Amino acid sequence: MTNDIDESTPNQNERLLAVFSHLSILIPRIGFIVPIIIWAVQVNQKGKPQSATFQSFQAFTYQLCVIAIGFIGYSFSMLSVFIFNTYLMFPMMIINSITQFILTAYGIWGAIMMFQGKPFHY
């Protein structure tokens with residue numbers, strides 16, 4: 001008898017957990033807490049596919065990087081006030097806002113891909 005179910009394909013519950021992990025990027029500055037909680041719960045469950053664990057850890061690390069990039073961008077824009085007066089502050093804030101928007105949109109794209117059951121890696 002053959003097994004028609006692919007073990008690497010996440011089931012509906014795992015996909016939803018992965019979607020919540022990726023969508024938590026919409027919660028400013030504290031969204032990384034959701035994927036780390038999902039990861040902590042899923043990592044201890046033996047005998048289950050680890051796709052939700054992998055996706056939640058990916059979302060966690062990605063969101064920490066997004067927070068760091070935002071902090072660095074904000075720091076540079078504030079530093080430009082002291083070095084170059086206010087002339088560069090506004091363009092740097094606009095660049096930082098556009099960067100944050102693109103990074104957030106990519107996290108949402110990850111949620112969409114996981115909802116559709118397609119593999120996604122940052």
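The values are calculated or read from the model by the stated rules, or taken from the named source; none is laboratory data. Just so it is clear, the structure is predicted and the values come from calculations on it, not from any experiment. All Cβ positions, glycine included, derive from the backbone under ideal geometry; neighbour counts span all protein chains shown. Ligands, DNA and RNA are stripped out before the accessible areas are found, and what is left, the full protein with its side chains, is counted by its heavy atoms. Shrake-Rupley method; radii C 1.70, N 1.55, O 1.52, S 1.80 Å.
Scan region 31-48 and tell me whether some residue there is open to solvent by 60 Å² or more (accessible area, probe 1.4 Å), of a type in the set (D, E, K, R), modelled with pLDDT under 80 and not in a helix (DSSP H, G or I). Yes; the residues of region 31-48 include at least one that is open to solvent by 60 Å² or more (accessible area, probe 1.4 Å), of a type in the set (D, E, K, R), modelled with pLDDT under 80 and not in a helix (DSSP H, G or I). For region 49-63, name all the residues that are at pLDDT 90 or above, open to solvent by 20 Å² or more (accessible area, probe 1.4 Å) and of a type in the set (S, T, N, Q). Q58, T61 - these are the residues of region 49-63 that are at pLDDT 90 or above, open to solvent by 20 Å² or more (accessible area, probe 1.4 Å) and of a type in the set (S, T, N, Q). Looking at I37, is it closer than 16 Å to G107 by Cβ and β-branched (V, I, T)? No; evaluated as a whole, the condition is false for this residue. Considering only residues that are surrounded by 13 or more Cβ atoms within 10 Å (Cβ to Cβ), under 17 Å from the mean Cα position of the chain (by Cα), among the aliphatic types (A, V, I, L, M) and more than 24 Å from L17 (Cα to Cα), which ones fall in region 65-122? Hit for region 65-122 is I69, nothing else. The condition of being of a type outside the set (G, A, S), in a helix (DSSP H, G or I), within 17 Å of Y122 (Cβ to Cβ) and touching a helix residue (DSSP H, G or I) at 6+ places or on another chain (Cβ under 9 Å) holds for only one of F90, F54, F76, that being F54.
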